[in-house]
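Colleague: Structure below; questions to follow.
What follows draws every value from the coordinates through simple rules; no lab data is involved. Please read these numbers as outputs of a predicted model, since none were measured by experiment. Cβ atoms come from the backbone with ideal geometry, glycine included; neighbour counts cover every protein chain shown.
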């Protein structure tokens with residue numbers, strides 16, 4: 001039982017639970033504000049948060065004006081800080097709050113980070129704004145005016161400055177830097193320098209007032225910061241209770257990671273709100289390691305940062321609290337779930353493929369701009385056929401320059417054969433049919449193979465025969481053979497070396513299997529909407545089970561050779577591929593993400609079994625990927641071209657990966 005508990009605990013996989021908090025605020029009433037902070041922080045702690053961010057000047061309110069110069073307010077702010085420190089002292093929770101703070105006789109707008117009942121670091125605002133509705137220089141000095149690099153706070157001498165990173169030992173990969181509001185809006189934010197200095201979590205305490213469309217700008221700003229800095233960017237704005245004499249407030253809290261917004265608070269709430277999510281410092285570290293330009297930029301522009309090391313204290317919350325990953329993990333990482341985003345994604349991918357093929361065609365002599373394509377009635381060849389037809393349309397070449405060849409064999413069903421023929425004709429392409437059974441039979445006789453033995457040789461000879469014919473048609477007609485194999489098949493080696501593995505150009509090679517179906521459906525609705533005969537056939541192609549159709553049909557005339565009955569679901573393999581290729585995650589972490597993403601659809605034992613299969617096939621089939629044809633990369637998830645994203649020895653050992661995978665409980 002302990003093995004499965006350890007596996008389920010998201011902390012063991014490197015995730016850190018964070019919260020953006022927007023407490024209710026009362027202007028110039030630090031005692032009330034301290035209680036409001038404790039109230040919302042209690043909720044964050046109960047949700048399992050390990051770090052919580054609160055708004056700028058939240059202990060006093062941002063809109064105090066000249067009251068910031070009043071001793072009672074400043075003294076009460078210190079008392080409020082002590083209240084929060086005392087209330088959170090026994091929690092395994094880092095907290096950052098905002099307050100006015102006097103240092104060396106100067107007043108600063110500061111972010112204070114607490115842990116275990118004591119302050120760890122104080123970050124003064126670097127760039128107090130003084131334009132339009134902002135008038136902060138009337139009260140606050142910029143960080144550059146500070147004379148000391150430490151301040152006495154709650155009886156502790158605490159590092160003071162914009163050059164401080166907080167590194168908790170109990171949160172591997174989590175390195176915190178705080179800045180304040182306007183600091184995020186300037187061209188070179190302190191958080192960017194901190195990211196170059198090693199910070200993975202950038203926390204911005206804000207009191208940004210709301211105006212029309214400002215929330216969208218904030219979202220873009222936070223998203224952009226997390227993307228370019230390969231970081232988590234957290235943002236907490238002031239909410240209900242700030243003075244509305246001249247401004248309004250919406251309490252927008254945002255958590256973004258690597259360009260994606262993970263969570264937001266409810267805006268315009270009248271009580272304290274929060275957003276809690278599990279962030280992934282390990283993915284950030286992996287990304288920074290791979291994106292070598294990040295390290296180059298750090299070497300060129302990085303500055304020295306002081307590091308505050310923090311020893312963790314005992315975790316008193318129930319371990320079961322961390323058995324659920326508080327984060328959406330898409331089961332189909334290559335296929336957006338939102339219909340609008342999916343349409344946009346499909347349009348972009350389809351046009352990448354079509355324009356890339358068009359460019360390849362223009363590199364050929366004018367009398368050689370023809371395409372030969374083996375059409376099986378399956379999804380991969382259908383997608384390639386649609387892309388080829390559109391590429392010819394873009395070049396104002398007749399679709400008769402596209403030759404669709406159907407090559408029925410021992411396992412071809414009436415359904416796929418009918419769809420192949422119908423689709424080629426519906427698109428107005430040229431059509432040829434060659435039955436490969438006689439040619440394959442001649443090969444069986446030549447090599448002494450018994451055709452009743454339905455083994456790998458039986459399958460491969462058919463694939464080689466088809467490829468021989470396609471190359472021959474391409475030579476005879478002065479054209480190129482267009483490959484149909486996709487990214488998932490390249491990963492799993494689900495192709496015949498020198499057969500369907502080979503072509504003159506592999507237009508599908510950057511597209512995973514889970515995206516192929518979406519692309520066909522999108523093309524039917526948008527690119528070929530005015531061709532109803534094609535659209536009808538495309539619907540049946542999408543409804544047909546995936547099969548190489550290389551083994552004899554069953555008694556009912558239906559293929560007995562369905563791919564997913566052999567390999568397992570493609571949606572699992574595409575999930576494995578994304579996290580293996582994009583981040584280099586190990587099997588244990590990939591399996592944990594899969595268990596969460598698919599929500600119990602697959603037992604953990606099934607995930608483990610299919611992951612082992614994926615790894616063994618991936619390593620065993622690198623020799624095929626070492627000599628694949630040219631193909632366009634279409635997604636940030638990566639490609640498997642040996643000239644592009646992926647290089648590995650074809651004789652590398654998979655033992656370490658498989659050993660880790662087999663140790664997954666379940």
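Colleague: Between region 286-334 and region 614-652, what's the alpha-carbon centroid distance in Å?
Modeller: Here the answer is 28 Å between Cα centres.
Colleague: Here is a further query. How tilted is helix 379-394 with respect to the longest principal axis of the chain? Cα atoms for both, answer in degrees (0 to 90, nearest 10).
Modeller: 90 degrees
Colleague: Also, quick follow-up: If a paramagnetic tag sat 7 Å from the Cα of residue 86 along the Cα-Cβ line, which residues of region 103-124 would have the backbone N under 20 Å from that point?
Modeller: 112-120
Colleague: With each label point set 7 Å from Cα along the Cα-Cβ vector, what nm distance links residue 224 and residue 497?
Modeller: A separation of 5.0 nm, rounded to one decimal place.
Colleague: Going by how many other Cβ atoms sit within 10 Å of their own, how do 225, 430 line up, fewest first?
Modeller: If I rank by nearby Cβ atoms, fewest first, I get 430, 225.
Colleague: Give me the number: length gained by fully extending residue 330 to residue 69, i.e. 0.36 nm times residue separation minus the C-alpha to C-alpha distance, one decimal in nm.
Modeller: Length gained between residue 330 and residue 69: 88.9 nm.
Colleague: When you count, for each residue, the other Cβ atoms within 10 Å and take the mean per peptide, how do 287-295, 372-380 rank with the highest first? Numbers along the way, then the final one.
Modeller: Values: 287-295: 13.1, 372-380: 24.7.
Per-residue mean Cβ counts within 10 Å order the peptides as 372-380, 287-295.
Colleague: Would you mind pulling out the separation of the Cα centroids of region 376-440 and region 174-188, in Å?
Modeller: 56 Å
Colleague: With each label point set 7 Å from Cα along the Cα-Cβ vector, what nm distance links residue 562 and residue 367?
Modeller: With each label point 7 Å from Cα toward Cβ, the separation is 5.0 nm.
Colleague: Between residue 42 and residue 152, what FRET efficiency comes out of the Förster formula 1/(1 + (r/R0)^6) with R0 = 35 Å and r the beta carbon distance, rounded to 0.05?
Modeller: Between residue 152 and residue 42 the formula returns 0.80.
Colleague: Still on this structure, please answer the following. With the cut-off at 1.5 for a/c, could you classify region 346-417 from its C-alpha gyration tensor as rounded, prolate or oblate?
Modeller: It comes out oblate by the Cα gyration axes.
Colleague: Between (i) 1.27; (ii) 1.08; (iii) 1.23, which entry matches Rg/Rh (Cα atoms, Kirkwood Rh) as derived from the coordinates of this structure?
Modeller: (ii)
Colleague: Starting from the Cα gyration tensor of region 123-278, take the square roots of the eigenvalues, sort them a ≥ b ≥ c, and report rounded, prolate or oblate (rounded when a/c is under 1.5, otherwise prolate if a/b is larger than b/c, else oblate).
Modeller: In terms of gyration-tensor shape, oblate.
Colleague: I'd like the FRET efficiency for residue 617 and residue 4, computed as 1/(1 + (r/R0)^6) with the beta carbon distance as r and R0 of 41 Å, rounded to 0.05.
Modeller: Once the sixth-power term is evaluated, E becomes 0.95.
Colleague: If you fit an axis through the alpha-carbon atoms of helix 292-301 and take the longest principal axis of the Cα set of the chain, what angle between them do you get, 0 to 90°, nearest 10?
Modeller: On a 0 to 90 degree scale, this one is about 30.
Colleague: Output the relative contact order of the chain, whole-number percent, from Cα pairs under 8 angstrom with separation of 6+ residues. Please list the in-between numbers first.
Modeller: On the way: 1377 pairs, mean separation 74.3, N = 666.
The value is 11 percent.
Colleague: Now a separate question. Extension gain residue 130-residue 292, at 0.36 nm per residue separation less the Cα-Cα distance, in nm?
Modeller: 54.5 nm
Colleague: On to the next question. In what sequence do 651, 435, 574, 250 fall when counting other Cβ within 10 Å, fewest first? Spell out each step's value before the answer.
Modeller: Numbers: 651 9, 435 12, 574 24, 250 21.
Going from sparsest to densest Cβ surroundings: 651, 435, 250, 574.
Colleague: Give me the percent of DSSP beta bridges within region 1-133 that run antiparallel, rounded to the nearest 5.
Modeller: In region 1-133, DSSP labels about 70 percent of beta bridges as antiparallel.
Colleague: Ranking 570, 417, 62, 131 by Cβ neighbours within 10 Å, fewest first, what do you get? Could the numbers behind the result be given before it?
Modeller: On the way: 570 23, 417 18, 62 27, 131 9.
Fewest-to-most ranking of 570, 417, 62, 131: 131, 417, 570, 62.
Colleague: Quick check on region 10-322: take the gyration tensor over C-alpha atoms, sort the square-rooted eigenvalues as a ≥ b ≥ c, and tell me if it's rounded (a/c under 1.5), prolate or oblate.
Modeller: Taking the square roots of the gyration eigenvalues as a ≥ b ≥ c, region 10-322 is rounded.
Colleague: At R0 = 25 Å, how high is the FRET efficiency between residue 526 and residue 630 if r is their beta carbon distance? Nearest 0.05 is fine.
Modeller: That gives a FRET efficiency of 0.40.
Colleague: Let me ask something additional. Sticking with the crude label model, points 7 Å out along Cα→Cβ, report the distance from residue 107 to residue 437 in nm, one decimal please.
Modeller: Going from the residue 107 label point to the residue 437 one covers 9.2 nm.
Colleague: Turning to a different aspect of this structure: What is the helix-to-structure angle for 214-228, meaning the angle in degrees between its Cα long axis and the longest Cα principal axis of the chain, kept from 0 to 90 and rounded to the nearest 10?
Modeller: Long axis of 214-228 versus the principal axis of the chain: about 70 degrees.
Colleague: Considering only the chain, what is the antiparallel percent among its DSSP beta bridges, to the nearest 5?
Modeller: 50 percent
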